[in-house]
Amino acid sequence: MTKPLIELQNVSFQYEHTKVLHNISFSVSEGDFLAILGPNGSGKSTLLKLLLGIVKPLSGEIKLFGESINSFHNREWVGYVSQKSNAFNSAFPATVEEVVKSGLTKKLGLFRRIPKNANRLVRNALESVGMENYMSRNIGQLSGGQQQRVFIARALIAEPKLLILDEPTVGIDHENVQSFYDMLATLNKEQQKTIILVTHDVDTVSNRISHVACLNHTIHFHGFKKDFDTISNNKLNDWYGHSVRKIH
Amino acid sequence: MIEALLNYPLIQNAFLSGLIIGIIAPLLGVFIVVRRMSLIADALSHVTLAGIAGSLYLSQSVASLALLNPIYLGIVASVGGSILIERLRSLYKHYEELAIPIIMSAGIGLSAIFISLASGFSTDLMSYLFGSVSVVSRQDLIVISIIALVVFVFLFLFFKEMFVLSFDEEFAKATGLPSKWIHLLFIIVVALVIAASMRIVGILLVSSLITLPVATAMRISKGFKETILYSIIFGESAVIIGLISAFYLNLVPGGTIVITSIIILFFVILVKKLVLSLRVGRR
Ligand SMILES: Nc1ncnc2c1ncn2[C@@H]1O[C@H](COP(=O)(O)OP(=O)(O)OP(=O)(O)O)[C@@H](O)[C@H]1O
Ligand SMILES: [Mg+2]
């Protein structure tokens, strides 16, 4: 067995009054490509924020790379693309190049300046999302989908071991979604990168992922993709209400 | 002017201080503006005024403090105020901006009390309100230089962290940056710069020197470093033109510097419009 990169044990979480996650336990091994599925408001983004240490669990334990999240300091091993690309300061005067470069901040560490050869890294990262021609454009003047691709490049530039992506393809057109998932699959297969992906386009990712987790405030299913395929639509309906359907 | 610069140390001091502030105020100003903290700068300048008025009152009433340079208590008040603002902001989590009027009123209230205790406005106080070309001492210049050094060291160490923090706070948290500490250091450095700037442009106009050059730069720049560069160019030009005209026309430099900044701002907006319409016309 490969070693678990992420372990959650009986993790619960609530915002001030709303209970969001209840007794979540699962683990993710090195090299896994996990898709988290679930309806709106089921707590997917919140679960990712717990893994990133942006919010703290009410109870239970989270381990990253074998270490308790509270004492885990190698955050540069984790790359993150958040759900809303409009969470950033959109009037901010920065070029695409500057934004992507800022993804190196944690990897370099405090007191170290961004090296001169960073430009090559920026170009590579932007090439992998097909945005290399936009280097010197102002970030606020790109379309939502283009911005999202820049943020993906910002996550990739630090070469994280674990990629956490919250609906990264929202606003990206069909063709680019395909090539984006192809790129993820390559990262996963050839570089053994572990990937956790929240998504609603199950069908597009289905032949690239290795694992599936079904979330609706609690984990209803977590396992191999092939086992997920045997679940009946009836069961999915029980977990999610009526609106969810698997298409083959 | 050149003759005055060579012969009068007080004018030398004012000019050198002005040159330094023309760099550090817009430099930090870029971060202040993009983080939407301009009003905090305003609140802090009023707190600084309370420190200065308090110091002027003390030197009037306590003989042994007669020669106390008000800049020190001004700095203490400004830094104290910045820490208080941060405490209040975390206390009023959902109404963070309430911290600003609270601190601002406290600053103005205290200033008013000290001013009336010190029996009204003195010319000294006026020079702190609107700046001055002729009363900047060597000691002021030294304090301002030290503050500039602090600004440079801070940005040398934390430039990339400040960028991430200003651009995308959630990403900063996710990457595990010590955001809280860097933010606290930042606001203390801002407080220092406000205290340093008041000698030249005056308390009431400090925040203009911090924000106007940045507002101008943002009209024409695409990138962040570019914005910083233009802000410093515009800030420094405003200070130089403002100080020279204050000297020759016998005006307070706060007024001339800020009005110069405004003229530069409108000039840049106009030129940009013109260039754009020329381009459209050509097509
Ligand atoms: N900052 C917050 N404060 C309070 N409640 C919140 C906050 N963020 C999310 N919630 C609530 O927590 C629940 C889960 O939200 P979350 O964003 O994790 O859902 P999600 O599964 O990512 O949904 P979506 O598919 O719409 O992205 C929702 O009911 C939401 O209203
Ligand atoms: Mg979500």
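The values are calculated or read from the model by the stated rules, or taken from the named source; none is laboratory data. Keep in mind the model is a prediction, meaning the values are calculated, not measured. Don't worry about glycine lacking a Cβ; one is built from the backbone with ideal geometry, like all the others, and counts go over all protein chains shown. SASA here: full protein model, heavy atoms, side chains in, ligands and nucleic acids out. Shrake-Rupley method; radii C 1.70, N 1.55, O 1.52, S 1.80 Å.
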Q: Could you tell me what percent of the DSSP beta bridges with both partners in chain A are antiparallel, to the nearest 5?
A: 55 percent
Q. Under 5 Å between amide H atoms, partner at least 5 residues away or on a different chain: which partners does residue A:20 have, H built in plane at 1.01 Å?
A. A:13, A:14, A:15
Q.
Through the Karplus equation 6.51 cos²θ - 1.76 cosθ + 1.60, θ set to phi - 60°, convert the phi angles of region A:217-224 into ³J(HN,Hα) values in whole Hz; use x for Gly and Pro.
A. 6, 9, 7, 8, 8, 8, x, 5
Q: List every DSSP H helix in chain B whose Cα atoms extend 18 Å or more along the helix's own long axis and whose mean Kyte-Doolittle hydropathy is at least -0.5.
A: B:9-34, B:38-61, B:70-91, B:99-117, B:138-167, B:179-201, B:206-220, B:224-249, B:253-282
Q: With all protein chains present, calculate the accessible area of residue A:107 using a 1.4 Å probe and round the result to the nearest 10 Å².
A: 90 Å²
**Q.** Listed peptides B:130-142, B:206-218 by packing density, highest first (mean Cβ within 10 Å)
**A.** B:206-218, B:130-142
Q) Sorted by accessible area (1.4 Å probe), largest first, how do B:280, B:153, A:99 line up? A) B:280, B:153, A:99
Q: Quick one: accessible surface of residue B:72, probe radius 1.4 Å, all protein chains present, in square angstrom to the nearest 10.
A: 90 Å²
Q) If you place +1 on the Cβ of every Lys and Arg and -1 on the Cβ of every Asp and Glu, how big does the dipole about the Cα centre of region B:2-282 come out, in debye to the nearest 20? A) 740 debye
Q: Note down the relative contact order for region A:1-123 as a percent, whole number, built from C-alpha pairs under 8 angstrom at least six residues apart.
A: 23 percent
Q: Identify, among B:235, B:254, B:116, the residue whose Cα sits farthest towards the positive end of the charge dipole of chain B, taking +1 on the Cβ of Lys and Arg and -1 on the Cβ of Asp and Glu, with the dipole about the Cα centre.
A: B:235
Q: Mind jotting down a quarter of the surface of the convex hull over the alpha carbons of region B:10-85, in square nanometres, one decimal?
A: 6.0 nm²
Q: Heavy atoms only, probe 1.4 angstrom, no DNA, RNA or ligands counted: give me A:161, B:160 ranked by accessible area, highest first.
A: A:161, B:160
Q: Give the calculated FRET efficiency between residue A:182 and residue A:119 to the nearest 0.05, with a Förster radius of 22 Å applied to their Cβ-Cβ distance.
A: 0.30
(Q) Can you give me the orientation-averaged projected area of the convex hull built on the Cα atoms of region A:25-68, in nm²? (A) 3.7 nm²
Q.
Per residue of region A:133-144, what does 6.51 cos²θ - 1.76 cosθ + 1.60 with θ = phi - 60° give for ³J(HN,Hα)? Whole Hz please, x for Gly and Pro, Karplus curve as stated.
A. 8, 10, 2, 9, 7, 6, 4, x, 9, 8, 6, x
Q: Mind giving me the FRET efficiency for residue B:3 and residue B:237? R0 is 25 Å, r the Cβ-Cβ distance, nearest 0.05 is fine.
A: 0.65
**Q.** Convex hull (Cα only) mean projected area of region B:2-282, reported in nm² to one decimal
**A.** 17.3 nm²
Q | Cross-link table A:3/A:193; A:49/A:84; A:49/A:225; A:101/B:173, entries beyond 21 Å C-alpha to C-alpha | A | A:49/A:225
**Q.** Distance between modelled label sites at residue A:71 and residue B:39, nm, 7 Å Cα→Cβ extension
**A.** 4.4 nm
Q: Using 0.36 nm per residue of separation minus the Cα-Cα distance, give me the extension gain between residue A:19 and residue A:230 in nm, one decimal.
A: 72.9 nm
Q: Would you calculate the separation in nanometres between label points at residue B:170 and residue B:12, each defined as 7 Å from the Cα along the Cα-to-beta-carbon direction?
A: 5.6 nm
Q. Once Rh is set to the Kirkwood radius over Cα pairs, what Stokes-Einstein translational diffusion coefficient, in µm²/s, holds for region B:47-169 at a temperature of 37 °C and a viscosity of 0.692 mPa s?
A. 199 µm²/s
Q) By accessible area of protein heavy atoms, probe 1.4 Å, what ranking do A:65, A:224 get, highest first? A) A:224, A:65
Q | Hits among lysines - C-alpha to C-alpha of residue B:273 under 29 Å, sequence gap 8 or more where chains match | A | B:222, B:225
**Q.** DSSP bridge orientation in the protein assembly as shown - percent antiparallel, rounded to nearest 5
**A.** 55 percent
Q. Once the piece of chain linking residue A:207 and residue A:141 is laid out straight, how much longer is it, given 0.36 nm per residue of separation minus the C-alpha distance between them?
A. 20.3 nm
Q. Given 20 °C and 1.002 mPa s, how large is the Stokes-Einstein diffusion coefficient of chain A in µm²/s, with Rh as the Kirkwood radius over Cα pairs?
A. 114 µm²/s
Q. In cubic angstrom, how much convex hull volume per residue do the alpha carbon atoms of region A:80-155 span?
A. 94 Å³
Q | Listed residue (A:8, A:169, A:122) projecting farthest to the positive dipole end of chain A, Cβ model | A | A:122
Q | Viscosity 0.692 mPa s, temperature 37 °C, Stokes-Einstein D of the protein assembly as shown from Kirkwood C-alpha radius, µm²/s | A | 126 µm²/s
Q) With respect to the cross-link table entries A:19/B:93; A:63/A:106; A:19/A:44, which display a Cα-Cα separation exceeding 18 Å? A) A:19/B:93; A:63/A:106
